[in-house]
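Step one of this worksheet: look at the structure below.
Derivation of every value follows stated rules applied to the coordinates shown; laboratory data play no part. Nothing here was measured: the structure is a model prediction, and the numbers come from that model. Cβ atoms come from the backbone with ideal geometry, glycine included; neighbour counts cover every protein chain shown.
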Amino acid sequence: MDTFLANITTFPVVVYTFLLIIVLLYWMMAFLGVVDIEMFDADVEIETDFETEVSINPDAEGLSGLAGFMLNWGLTGVPITVVLSLLIVTSWLICYLATSLIFNYIPIGFVRYALGAGLLFICFAVSIPLTAWTIRPFKGLFIAHTAVKKNALIGKECEVTTGQVNEYFGQATLEDGEAGMILSIRAPANKEIKKGDKVILIEYIEKDDCYNVAKI
């Protein structure tokens, strides 16, 4: 135990030990509900903004900084807090093992600190592909679904499900490839829109949360 404590509190391991303590405190607060697991999550923006661009144009420019780094190494698809936590844990473990096996034989001095500084970067570099490999099976668990905006449905075709449609009442079903969407619709009574008719959404009325429709 004394050797373990000595290793994790001496350079270079102590740098990752400090970061590991922050990670542990963060996840303790997350499990207690004090913070959100995705409070620092930039992953959704990376998925929607950058992966779409790459799928359209594999040679697209602008993939730089954090987004480009994460995409290039396969670190997307899960919350960024999970990625950072795994990077720190993996880096700490590699650094601890390297220190235990090698650094105990190097005298304390300038050479040890210089090698330790280099080891910090090496451990982080090695942890990147290991983290990417670790998160790969879990990417499907963190798929973000963007809610459909009401105005985005204008122009869609629906099927009336109520016996009649007038200025005060009416419903229709919009097929969305899944369970379907039930929408409130309105139309002048003299249009004689009835159950089974096909209508098109022409206007969204925000205050009543319904759509004006026209018979097809």
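What to note about this one:
- Likely footprinting exposure, Cys123, Cys210, fewest C-beta neighbours within 10 Å first: Cys210, Cys123
- Put simply, the amide H of Ile205, placed in the peptide plane, has neighbours under 5 Å in Cys210, Tyr211, Asn212, leaving out anything fewer than 5 places away on its chain.
- Length gained when the stretch Phe169-Ala214 is fully extended (0.36 nm per residue, less Cα-Cα span): 14.8 nm
- Label separation (Ile122 vs Glu192): 8.6 nm, computed from points 7 Å beyond Cα along the C-beta direction.
- Reachable lysines from Lys194, criterion Cα separation under 16 angstrom, eight or more residues apart if same chain: Lys215
- Proximal charge balance of Ala189 [Cβ under 15 Å; K/R count +1, D/E count -1]: +2
- Put in line by how crowded their Cβ is, counting other Cβ atoms within 10 Å and starting with the fewest, Tyr96, Tyr105 read Tyr105, Tyr96.
- For Gly180, nonlocal amide neighbours, meaning residues 5 or more places apart or on other chains whose placed amide H falls under 5 Å from its own, do not occur.
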